[in-house]
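The values are calculated or read from the model by the stated rules, or taken from the named source; none is laboratory data. A quick note: this is a predicted structure, and the numbers were derived from the prediction, not measured. Don't worry about glycine lacking a Cβ; one is built from the backbone with ideal geometry, like all the others, and counts go over all protein chains shown. Side chains are part of the model used for accessible areas, which takes the heavy atoms of the whole protein and leaves out ligands, DNA and RNA. Shrake-Rupley method; radii C 1.70, N 1.55, O 1.52, S 1.80 Å.
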Amino acid sequence: MPKLSPAAMEEKKGRIEEAAKQLFIKQGFHATSMRNIAGRTGTSLGNLYNYYRTKESILESIIAKYQTVIDARLRLIFDQLTEPLKPESMIEFGRLVKEMVNEHHDFWLLMYIDVLEFENENFGKMFEGLAQNIRRRFAGHFAELKSSGALHDGVDPAIGFTAVYMQFFNYFLVEKLFGGNRHFGLSDEQVIQKLSEIYCRGLLRAENAVTVAAGRKSKTSRENSKPSRLTKAKPASKR
């Protein structure tokens, strides 16, 4: 292979990865060969092997670069939130998650390819420790909420906000990748507004929540007091 400058080599690798990515998305990883990738790139198979020894190494490089971009995007999003559980902050957060999902369509498609063909080998760490990372990122704000009595008893704000993130993320993935076509029956903006309201206010009024809990406890007590169908009746004693 003729001596190329680092910039020229990176440009060539970028064209190889772009060609490979499109083939992986179109026909799957295992159905794509190195020869397919070379043909799509417009280079010889031998020249392709000068840059990548296996198609696995191509996929790993593509994912690593995307992951760097997504990680930086998430950090930027979280840096914009000073009070994540405030309604207006949550609404803005939903809009930012929508933009992230929509602008990195190919990345999410590769994620599903990885799940289907590699049992999530490459993307498995993407969501690991998410709640703990959020807990550390907003530790000061969550502590203020707890000390001020703003939280319901037993509510973990880190878990709550993780649920918010995953709900927005999954909603827009369904819309973008699976043709959800307003699967909530609302516009994206209405969904963001409604979900933010639900997470900030809850589904039940406090007094209703107590009534429901009491009713559930009463029902459980009644069910526990009933004789089991499997319990045989004792024979009547003989006189």
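What about Gly149, is it open to solvent by 60 Å² or more (accessible area, probe 1.4 Å), assigned to a loop (DSSP other than H, G, I, E, B), at pLDDT below 95 and over 30 Å from His105 (Cβ atoms)?
no
Please enumerate the residues belonging to the range 105-125 that are within 12 Å of the chain's Cα centre (by Cα) and over 10 Å from Ile63 (Cβ atoms).
Trp108, Tyr112, Gly124, Lys125
Tally time: how many residues in the range 118-134 are part of a helix (DSSP H, G or I) and over 20 Å from Ile70 (Cβ atoms)?
Total meeting the criteria: 0.
For the range 168-177, state whether one or more residues are over 14 Å from the mean Cα position of the chain (by Cα) and either surrounded by 14 or more Cβ atoms within 10 Å (Cβ to Cβ) or in a loop (DSSP other than H, G, I, E, B) (or both). Talk me through it step by step, then tell me what you get.
Within the range 168-177, the first condition is being over 14 Å from the mean Cα position of the chain (by Cα), and the residues that meet it are none.
No: zero hits.
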